[in-house]
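Everything below concerns the one structure shown next.
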Amino acid sequence: MIIVLDVEQAEVDLHAGALSCPHCSAVLRPWSSASARQIRQLDGSHSLVRPRRARCSGCRATQVLMPAWCLPRRADAAEVIGAALVAKARGQGYRSIARELGRPVSTVRHWLRGVRGDQVEWLRRQGVQRTFELDQDLLVDLTVQATALGDALCALAAAVLAWRRRFARPVQAWTLIGVFTAGRLLAPP
């Protein structure tokens with residue numbers, strides 16, 4: 001799976017032979033589409049997504065070009081899951097988060113279980129690393145949060161700010177975080 005920030009540009013790059021296989025570095029070629037699915041948005045609406053598939057001209061492996069605002073194997077957009085993580089970092093429980101987001105309690109509980117221990121530390125490292133690459137000065141302003149999840153989200157927010165300053169493009173924060181984490185905001189089940 002390849003997480004893409006701009007789906008239209010990824011399509012252009014794919015047809016131009018500018019995308020390479022993450023396994024063997026050979027050129028990826030267009031090859032059909034993945035199954036269509038509905039993704040629930042924060043505002044309650046649904047977006048139909050049918051990601052592009054590509055096939056490697058070398059090793060013949062297939063890759064799905066997934067929009068960064070989606071998370072692999074999730075029915076909710078990154079901004080929905082992100083809102084749950086922010087609420088958890090602020091001390092809310094999973095039941096009240098589920099009620100606010102209009103999602104099943106079991107779904108929200110599963111999301112929150114996906115960001116514990118090593119996964120939280122990995123998220124924090126991704127945020128720090130991206131911030132360091134884009135604007136080291138922002139690392140000085142990171143404040144210690146009350147929870148490890150809060151620290152991780154603070155580091156990812158700094159990376160978003162650094163990216164926006166560097167590239168001056170209006171991209172949603174959770175879409176950028178989807179890129180920074182390669183779609184692995186939550187630990188695999």
Please work out which residue is nearest to residue 72 (Cα to Cα), limiting yourself to region 18-50 and to residues that are open to solvent by less than 80 Å² (accessible area, probe 1.4 Å), in contact with a Leu (Cβ under 8 Å, 6 or more places away or on another chain) and not hydrophobic (A, V, I, L, M, F, W, C). 37
Sort through 107, 62, 147, 143 and tell me the only one that's polar (S, T, N, Q) and either open to solvent by 70 Å² or more (accessible area, probe 1.4 Å) or touching a Leu at 6+ places or on another chain (Cβ under 6 Å) (or both). 143
Within region 1-47, residues being touching a His at 6+ places or on another chain (Cβ under 9 Å) and within 21 Å of residue 184 (Cα to Cα) number 3
What are the residue pairs meeting all of these: first residue in region 54-74, first residue within 17 Å of residue 24 (Cα to Cα) and of a type in the set (Asp, Glu), second residue buried (at least 16 other Cβ atoms within 10 Å of the Cβ) and modelled with pLDDT under 95, Cβ atoms under 9 Å, and 6 or more apart or on different chains? none
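The values are calculated or read from the model by the stated rules, or taken from the named source; none is laboratory data. This is a predicted model, so every value here is computed, not measured. Positions of Cβ are generated from backbone atoms using ideal geometry, with glycine treated the same way; all protein chains shown enter the neighbour counts. Keep in mind that these areas ignore ligands, DNA and RNA; they rest on the heavy atoms of the full protein, side chains included. Shrake-Rupley method; radii C 1.70, N 1.55, O 1.52, S 1.80 Å.
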